[in-house]
1. Regarding region A:90-108, can at least one residue be identified that is open to solvent by 30 Å² or more (accessible area, probe 1.4 Å) and either out of contact with any strand residue (DSSP E or B) (no Cβ under 9 Å at 6 or more places or on another chain) or of a type in the set (K, R) (or both)?
2. Go through (1) open to solvent by 40 Å² or more (accessible area, probe 1.4 Å); (2) of a type in the set (V, I, T); (3) at the interface with another protein chain (Cβ under 9 Å from one of its Cβ atoms) one by one and return the number of the condition B:I162 breaks.
3. Name the pairs whose Cβ atoms lie under 6 Å apart, with the first residue in region C:210-221 and touching a residue at least 40 places away in the same chain (Cβ under 8 Å) and closer than 18 Å to C:C195 by Cβ, the second open to solvent by 20 Å² or more (accessible area, probe 1.4 Å) and in a loop (DSSP other than H, G, I, E, B), and 6 or more positions between them or separate chains?
4. Which one is farthest from B:Q181 (Cα to Cα) among residues in region B:197-212 that are crowded, with 16+ Cβ neighbours inside 10 Å and more than 7 Å from every other protein chain (Cβ to nearest Cβ)?
5. Looking at region B:228-236, can you tell me whether even one residue there is β-branched (V, I, T), surrounded by fewer than 17 Cβ atoms within 10 Å (Cβ to Cβ) and part of a helix (DSSP H, G or I)?
6. So in region A:186-195, with the set limited to residues that are in a helix (DSSP H, G or I) and without any contact (Cβ under 8 Å) to a residue 40 or more places away in the chain, which one is least open to solvent (accessible area, probe 1.4 Å)?
7. Please find, within region A:236-245, the residue that is nearest to the other protein chains (Cβ to nearest Cβ) out of those that are under 22 Å from A:W274 (Cβ atoms) and open to solvent by 20 Å² or more (accessible area, probe 1.4 Å).
8. Please identify the pairs in which a residue from region A:140-161 that is in contact (Cβ under 8 Å) with a residue 12 or more places away in the chain and within 11 Å of chain B (Cβ to nearest Cβ) has its Cβ atom under 6 Å from the Cβ atom of a residue that is part of a helix (DSSP H, G or I) and acidic (D, E), counting only partners at least 6 apart or on another chain.
Amino acid sequence: MIDFNGVSCRYKREYAGEGALPVTALDDVSFHIPRGSFIALVGRNGSGKSTAARCMNALQLPSGGTVLVDGADTSDDEMVLTIRQKAGMVFQNPDNQLVSSVVEDDVAFGPENLGLHPDEIRKRVDRAMKAAGIYDRRLDSPDELSGGQKQRVAIAGVLAMEPECIIFDEATAMLDPAGRSAVMEMIRRLRERGTTVVLITHFMEEAAEADEILILKEGKILSRGTPAEIFAVPDLISEAGLDLPAAVKIRNLLRQRGADIPDRVLDIKSLAEWIAGNCPENVPG
Amino acid sequence: MIRNITLGQYYQYDSVIHRLDPRLKIFGTFLYLVMLFFVKDLVGYGIAALCLSGVILVSRVPFRFILRGMRPIMFILAFTFLLNLLLLPGTVLWQAGPVTVTHEGLKQAVFITVRLLLLVFGASVLTYTTKPMSLTDGFERILSPLSKLGVRTHEIAMMMSIALRFIPTLVGETDKIMKAQLARGADFESGNLLRRARNMIPVLVPLFVNAFRIAQDLAMAMEARCYSGGRGRTRLHPMRYGMRDLAALMMLILFAVLIFVQSRGMLPLPMIWKI
Amino acid sequence: MSIELKNVTYRYNRNGAEDTPALKDVNLTVEPGQICGIVGHTGSGKTTLVQQLNGLLTPQEGTVTVDGEDFSSRDRRAELRRKVGLVFQYPEYQLFEETVAEDIAFGPRNMGLAEDEIRERSAEAARMTGLDLELLGDRSPFELSGGQKRKAAIAGVLAMRPAYLVLDEPAAGLDPEAHREMLDMLVRICSEWGCGIVLVSHNMDDVAAICHRVYVMEKGSIVMGGTPDQVFSRSGELREMGLGLPAAAELTVLLRKEGVLPDAPRIPLNAEEAAELIAARLRLKGQGEK
């Protein structure tokens, strides 16, 4: 679905009194995101995650290398709108990405830009609002909604464009736990529909749900693997300035005490299941 | 405190007035505003007020909601009233020391205030009953002939609608920054005017920076959703005039004729305080 | 010596209509040298409560006293704001001065301190947050990275040397490493300065890890208060309010439901404790060695 081929993003940043200093946001990065997969992109602030996300949507063009979205080069002006329709994006700040003062008009913004027929827009907007669970708030102003609800409006706005891939650029960072789990629930449903999901996040519990995790450090890929593989290497996690999910921390402490818990146990629920299944009384015979 | 501003905001309801075509509402409001300047006496204002009240009643926007919206302009109203009342020469009605109230002054003060009130009331009915998006769409469509002359009507309309969308956000932001600076010992209440203005810097700088940040975020979000200007854009709610709009247009014309005829003294009504 | 809230009730008098109070009969004590956590849903009244602590809002009923004194009169409010520092959510959005050093000095300068004193306090505050003032002091605050901006903003409050410090979600949006640093800093401020800290947070693991006391808010009232042990042991009630638990407690609750762990009055709050408890249950050889 998305291909990065030797992508570099270098630019100059002005500092008062010190002139322009070169910044390398991405440094010769190559990876492939298969169609229908769920990839988590993690790393410290400033590791290049958001730059990578913007490259996937042609919001930023690489200074070196190419980014292909469904085979189309993001630097091809002719293809930009197609790319943006195929790879939708949900941003961090729920307030700053809603255009309209009415929920349904906001959701319609994308399809309107695509120049669709009003009847078709209506159909898509209703469908998207239902899928995001905000249909009953369709005539409200975004100002009356909670952060999590606003973020679902933003997701509906992307869904209405019927994308094949959705990129969440720290879309859960500013939400409370309830809002965050609502967004994660949306992501799970998107996966069932076969939509490709790229999730940029600081929450390791969220990353643990992905098919694969890609760790960025100082603009380079530090590692890539399934969550089970990635979280099995604590040194890697600390080198990247990240953290282990809470369940993995407990799991590792139990391992130190001799419990033979497999790598795939990454969340509290499966850890509890494993413990219940390996508890002396519960072992048959 | 500042969160209570309702002037210029949309009031969600599904009334006949809400459902009228925005272009017609804009035209209607414009006509109403123009007709107000034809009015020559209090009876004329009475007729205008009556008609406006009817519209407000039908629109189901609560009167107290509209009245609350007047609060921010109360100062301006009071100021104009006093200025006219005290400064106009003419037949003295009442005098105390240097303060003189003339008959002409009183008349003028009442007239200007009533006119201003009716102007603002009327214009606010437009914003209360029309979603900012449809309002700007309406403007865009009305002004679209100008785009042939190189006026960027779509961009102007888009800017207006975004401004409206972000008023509450920026008001909230201002509130937050003020509180944060108060917590750092900033003082917005004492000192003379100049000092107070200078004391606002800790609020204004972050506010501007945040506004730019919002603008940047929003621009990116709009681009990401395939926005590339007005060309080729369709709308969820395409504008079509209906029977309702025709009926409303008839009533508008009736209103204009009524005001005009009355101002010429052609109605069997007395003129009160004619100018 | 403490911040004492007694029967505080507060209503936002909106639209002239008296709506339900944002705070209802709130009683709360913040001791110096302790970290006091406040948890609850968005809209449960946490933000309103926080503003009572330093006089940005004053209660219609009840009293707020700081170290035994009532600062509610207009002319004493400035004094109160010096005593109780308040760090809002995303404080980096309040930076405004031309340089980082000037921004940090804004608070102390408003207090009318001498230049030497201001410099000393700024340096001390920056050191506490881990901000390199030597290197960054002359930069514009808008050139800093997100994490550095957050530090500079907090340093600006710390430079006023408040006896109490109130923070609303100070770690929101930070990456895991910066998040850990933030918690460490709060613990340091508390132990080194003997500052009384109020931490408003949604993150139960953070609260369990560093707080001495926890208050739970719902619909404007404080519905629970006590040590983290006491509060998180009432997991059923917390769940009913839709609030989470620290991960270790969450795991224990699940295992209790499965009948694997017995119901006990105490619930483990961190990974170590939970591992200890579970290892014993699994009869692992390694247990007890520690």
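The values are calculated or read from the model by the stated rules, or taken from the named source; none is laboratory data. Here the structure is a predicted model, which is why all the values come from computation and not from measurement. Glycine gets a Cβ as well: all are built from the backbone with ideal geometry, and neighbour counts include every protein chain shown. To get the accessible areas, we keep the full protein, side chains included, count just its heavy atoms, and leave off ligands, DNA and RNA. Shrake-Rupley method; radii C 1.70, N 1.55, O 1.52, S 1.80 Å.
1. So in region A:90-108, the residues open to solvent by 30 Å² or more (accessible area, probe 1.4 Å) come out as A:92, A:95.
So of that shortlist, the ones also either out of contact with any strand residue (DSSP E or B) (no Cβ under 9 Å at 6 or more places or on another chain) or of a type in the set (K, R) (or both) come out as A:95.
Yes, region A:90-108 has at least one match.
2. Status for B:I162: all satisfied but (1).
3. Going by the 6 Å Cβ cut-off, the qualifying pairs are C:H212/C:Q34.
4. Residue satisfying both the conditions and the ranking: B:L207.
5. Here is the first cut: in region B:228-236, the residues β-branched (V, I, T) are B:234.
If we keep only those that are surrounded by fewer than 17 Cβ atoms within 10 Å (Cβ to Cβ) as well, we get B:234.
Applying the additional criterion that residues be part of a helix (DSSP H, G or I) yields none.
Checked region B:228-236: no residue is β-branched (V, I, T), surrounded by fewer than 17 Cβ atoms within 10 Å (Cβ to Cβ) and part of a helix (DSSP H, G or I).
6. It comes out as A:L190.
7. The qualifying residue nearest to the other protein chains (Cβ to nearest Cβ) is A:D243.
8. Once the first residue is in contact (Cβ under 8 Å) with a residue 12 or more places away in the chain and within 11 Å of chain B (Cβ to nearest Cβ) and sits in region A:140-161, its partners that are part of a helix (DSSP H, G or I) and acidic (D, E) give A:G157/A:D106.
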